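The values are calculated or read from the model by the stated rules, or taken from the named source; none is laboratory data. In this text the structure is predicted, and so the values were computed from the model without any measurement. Reconstructed Cβ throughout: ideal geometry from the backbone, glycine too, with neighbour counts over all protein chains shown. Ligands, DNA and RNA are excluded from the accessible area calculation, which covers all protein heavy atoms including side chains. Shrake-Rupley method; radii C 1.70, N 1.55, O 1.52, S 1.80 Å.
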Amino acid sequence: MRKILLLVVWLGLPGRLTAQSGATVSADAVVVTVGMTIATLQDLNFGTVIKGVPATVLPTAANAGQWLVSGSANAFVIINFTLPTQLTNIQALPGSTMPISFSAVSAIWRRATNNPVGGNVFNPAVGAVGRLGPPPNFNMYIWIGGTVNPAAAAKPGIYQGNVIVSLIYQ
């Protein structure tokens with residue numbers, strides 16, 4: 001009789017309940033068919049500036065800085081700049097500098113067409129995501145302008161600095 005009672009008690013206990021759950025993530029990859037190249041087409045050139053008078057070059061101007069980027073068709077590209085805050089006089093004594101600045105509308109990128117008019121305006125200090133052209137023209141063009149502000153006591157000479165553009169496939 002004792003064996004039957006144990007069996008009844010055991011059967012009366014609640015059993016373990018098991019629950020199943022799951023989740024998925026997708027795995028994505030973008031394969032680019034070719035590497036990216038960049039070529040400087042033109043330096044940003046302020047020309048002759050007058051002491052104490054700011055000078056601005058728009059990114060649509062003929063003397064704006066310009067690059068040509070080539071790579072995979074229709075690929076998205078992150079555009080970043082390293083911008084100088086001053087230009088240095090390479091002919092005067094050390095310490096002769098001129099401020100340079102860039103506004104929220106100092107840069108333009110455009111896919112496939114070598115003309116900044118109608119391009120995508122952006123702030124070079126923030127960067128942008130551009131796009132290479134469709135087949136058969138896998139190019140993107142980038143232009144940059146800026147403003148120099150020579151002091152009234154600026155020393156005569158040639159002032160230079162480097163604007164560096166960096167690109168990453170997105």
- prompt: So THR113 clears everything in (1) open to solvent by 70 Å² or more (accessible area, probe 1.4 Å); (2) of a type outside the set (Gly, Ala, Ser); (3) more than 26 Å from PRO54 (Cα to Cα) except one condition, right? Which one?
  reply: (1)
Candidates SER106, SER166 - the one that is surrounded by 19 or more Cβ atoms within 10 Å (Cβ to Cβ) and polar (S, T, N, Q): SER106
query: Filtering the range 123-143 down to residues that are surrounded by fewer than 21 Cβ atoms within 10 Å (Cβ to Cβ) and not in a loop (DSSP other than H, G, I, E, B), which residue is farthest from the chain's Cα centre (by Cα)?
result: ASN139
- request: Could you tell me which residue of the range 80-94 is nearest to ALA128 (Cα to Cα), considering only residues that are among the polar types (S, T, N, Q) and assigned to a strand (DSSP E or B)?
  value: ASN80
message: One residue is enough: does the range 24-47 have a residue meeting the conditions modelled with pLDDT of 75 or more, assigned to a loop (DSSP other than H, G, I, E, B), on the phi > 0 side of the Ramachandran plot and not polar (S, T, N, Q)?
response: yes
